[in-house]
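Engineer: I'd like to ask you about the structure that follows.
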Amino acid sequence: MYEVVLFDLDGTLTDPGVGITNSVAYALDKYGIQTKSRAELYKFIGPPLHESFEVFYGFSKEQAMEAVAYYREYYRDRGIFENVLYEGMEELLINLKRSGKKLLVATSKPEQFARMILEHFELSKYFDYVAGANMDGTRTRKDEVISYALMAGNVTDLPKAVMVGDREYDILGAKKVGLDSIGVLYGYGSLGELKEAGADFIVKKAGDIAAVAG
């Protein structure tokens, strides 16, 4: 039985595929880089954005932060709302709140944007705190964000808390902080990725989370 449930945002609460990939493509175009398909850019969903530009395209740290600024030119006005709520998600949140759970968001997305998205989908009312990254590129590692969320949510009994996410970053971040984790298969991570990262539980759809979280 868990008393606190932490949620990743992208690929867990909402499907941001169109908005994020459009924003990445917009940024890459500034450097004359074209991609053949949207699917090539799905790898940007999950890890810290500036690190993705460095790892996937060999950008220097300075170029990566510049690319993030270009990304946000598109994202803040258009991409942020090119987003879809996963089926059954609001019902899940309602059920968890009714059962007395404390709900937190822990995302590597800038906190400002995360709050805007949750307001857009009218989900803010279900969460006790929304924790995200800083706009300057700090506090982007998942363990840092989870630790921040726990502190802001006044959570000290770690065995009573569980992290829900779709990528290895969520699972590894939870493990580093000392939390159990639930990997979800409806997002952007694979079964193999979640197993290898060491997810304590793996579920197929949003409604299954309630059964695991107790």
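Engineer: What is the one condition in (1) within 30 Å of Asp200 (Cβ to Cβ); (2) aliphatic (A, V, I, L, M); (3) touching a helix residue (DSSP H, G or I) at 6+ places or on another chain (Cβ under 6 Å) that Val24 does not satisfy?
Structural biologist: Of everything listed in (1) within 30 Å of Asp200 (Cβ to Cβ); (2) aliphatic (A, V, I, L, M); (3) touching a helix residue (DSSP H, G or I) at 6+ places or on another chain (Cβ under 6 Å), Val24 misses just condition (1).
Engineer: Of all residues in the stretch 176-196 being over 16 Å from the mean Cα position of the chain (by Cα) and assigned to a helix (DSSP H, G or I), which is surrounded by the fewest Cβ atoms within 10 Å (Cβ to Cβ)?
Structural biologist: Gly192
Engineer: Within the stretch 197-210, which residues are open to solvent by 40 Å² or more (accessible area, probe 1.4 Å), of a type outside the set (D, E, K, R) and at pLDDT 95 or above?
Structural biologist: Looking only at the stretch 197-210, we keep the residues that are open to solvent by 40 Å² or more (accessible area, probe 1.4 Å), and these are 200-202, 204-205, 207-208.
Checking the rest, the ones that are also of a type outside the set (D, E, K, R) come to 201-202, 207.
Result: Phe201, Ile202.
Engineer: Hey, does the stretch 93-102 have a residue that's under 18 Å from Thr140 (Cβ atoms), in a helix (DSSP H, G or I) and open to solvent by 70 Å² or more (accessible area, probe 1.4 Å)?
Structural biologist: no
Engineer: Name the residue, out of Glu87, Glu119, Glu73, that is in a helix (DSSP H, G or I), open to solvent by 60 Å² or more (accessible area, probe 1.4 Å), over 23 Å from Tyr148 (Cβ atoms) and not polar (S, T, N, Q).
Structural biologist: Within the list Glu87, Glu119, Glu73, the selection yields Glu73.
Engineer: Separate question: I want to confirm something. Restricting to the stretch 132-154 and keeping residues that are farther than 11 Å from Thr107 by Cα and at pLDDT below 95, which single residue is least open to solvent (accessible area, probe 1.4 Å)?
Structural biologist: Top of the filtered list is Gly137.
Engineer: Residues of the stretch 42-57 being assigned to a loop (DSSP other than H, G, I, E, B) and either open to solvent by 50 Å² or more (accessible area, probe 1.4 Å) or within 11 Å of Thr140 (Cβ to Cβ) (or both), which ones? Quick ask: steps written out before the conclusion?
Structural biologist: Going through the stretch 42-57, the residues assigned to a loop (DSSP other than H, G, I, E, B) turn out to be 45-48.
Listed by number, the residues that qualify are Pro47, Pro48.
The values are calculated or read from the model by the stated rules, or taken from the named source; none is laboratory data. Note that the coordinates shown come from a computational prediction; the quantities given were computed from them, not determined experimentally. Cβ sites come from the backbone with ideal geometry, for glycine too, and all protein chains shown count toward neighbours. Quick note on the areas: whole protein, heavy atoms, side chains included, nothing else; ligands and nucleic acids left out. Shrake-Rupley method; radii C 1.70, N 1.55, O 1.52, S 1.80 Å.
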